[in-house]
Amino acid sequence: MSVVVRSECDGDVSGIHGVNASAFLTPAEANLVDTLRDAGGISLSLVAENREGIIGHLLLSPVSVDGMINAVGLGPVAVLPAFQRQGVGSALVRFALSECPARGVQAVFVLGHPEYYPRFGFVPASRFGLKFTADVPDAAFMAVEIIPGCLGNKSGLVRYRPEFNDV
């Protein structure tokens, strides 16, 4: 399957909403993406497309970290059900991480499946003394350093944008 990963364009909004609405059990993630876009809270929005159209989406949004570094949160990541388990999500994550250095991003955080994200270098954020603002399993809140050592002397809370509070 030939898939192209690229940045979101103006004409992609409805396709992105559709992918997120189809990939998750509720429309919460699709609505979150729309809300973040309207609020100017997106650092990077990527789509994966094939000849049928948009089949995947990934979002990076700014987070605040005690200790002040330039960091983003990864998610949601969505792939149409018919294209899941075919490497589309992995292609989106790899592309997003490869874009981070040029954007000055030092670290990326994710609240996600502990079996999936370590393949991209993510480890529990608690290894750096960092925690999520809500009570989540330690293994599910992860970080990857884009700039090696950038999280070494940090500790405290990682705060996502307020729009995430409604998900």
What number of residues in region 100-133 are within 15 Å of the chain's Cα centre (by Cα) and in a loop (DSSP other than H, G, I, E, B)?
9
Would you mind stating whether L25 is hydrophobic (A, V, I, L, M, F, W, C) and under 19 Å from D166 (Cβ atoms)?
yes
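Listed here are the residues, each with its yes/no results for (1) closer than 19 Å to N70 by Cβ; (2) in contact with a strand residue (DSSP E or B) (Cβ under 7 Å, 6 or more places away or on another chain); (3) not aliphatic (A, V, I, L, M).
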residue: L97; (1), (2), (3): yes, yes, no
residue: F109; (1), (2), (3): yes, yes, yes
residue: Y116; (1), (2), (3): no, no, yes
residue: S126; (1), (2), (3): no, no, yes
Name every residue in region 134-149 that is in a loop (DSSP other than H, G, I, E, B) and loosely packed, with under 14 Cβ neighbours inside 10 Å, in order of residue number.
A134, D135, V136, P137, P148, G149
Among (1) closer than 26 Å to N165 by Cβ; (2) surrounded by fewer than 18 Cβ atoms within 10 Å (Cβ to Cβ), where does S90 come up short?
(1)
Looking at region 1-40, which of its residues are under 21 Å from F109 (Cβ atoms), surrounded by fewer than 18 Cβ atoms within 10 Å (Cβ to Cβ) and either of a type in the set (F, W, Y) or in contact (Cβ under 8 Å) with a residue 60 or more places away in the chain (or both)?
F24, A28, T35, A39
Would you mention how many residues in region 6-61 are of a type in the set (D, E, K, R) and farther than 21 Å from Q84 by Cβ?
4
I need a count of the residues in region 44-64 that are surrounded by fewer than 21 Cβ atoms within 10 Å (Cβ to Cβ), under 16 Å from A96 (Cα atoms) and either modelled with pLDDT under 95 or of a type in the set (S, T, Y) (or both).
1
Note on G121: of the conditions (1) on the phi > 0 side of the Ramachandran plot; (2) surrounded by 20 or more Cβ atoms within 10 Å (Cβ to Cβ), unmet is (2)
Please go through (1) surrounded by 14 or more Cβ atoms within 10 Å (Cβ to Cβ); (2) part of a helix (DSSP H, G or I); (3) free of Cβ contacts under 8 Å to residues at least 40 places away in the same chain for V77 and return the number of the only condition it doesn't satisfy.
(2)
Has region 83-99 got any residue that is at pLDDT 95 or above, more than 20 Å from V4 (Cβ to Cβ) and not in a strand (DSSP E or B)?
no
Within the group G73, G129, which residue is closer than 14 Å to V158 by Cβ, out of contact with any helix residue (DSSP H, G or I) (no Cβ under 7 Å at 6 or more places or on another chain), of a type in the set (G, A, S) and at pLDDT below 95?
G129
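The values are calculated or read from the model by the stated rules, or taken from the named source; none is laboratory data. Since this is a predicted model, take the numbers as computed values, not measurements. Heads up, the Cβs are rebuilt from the backbone with ideal geometry, glycines too, and the neighbour counts pull from every protein chain shown.
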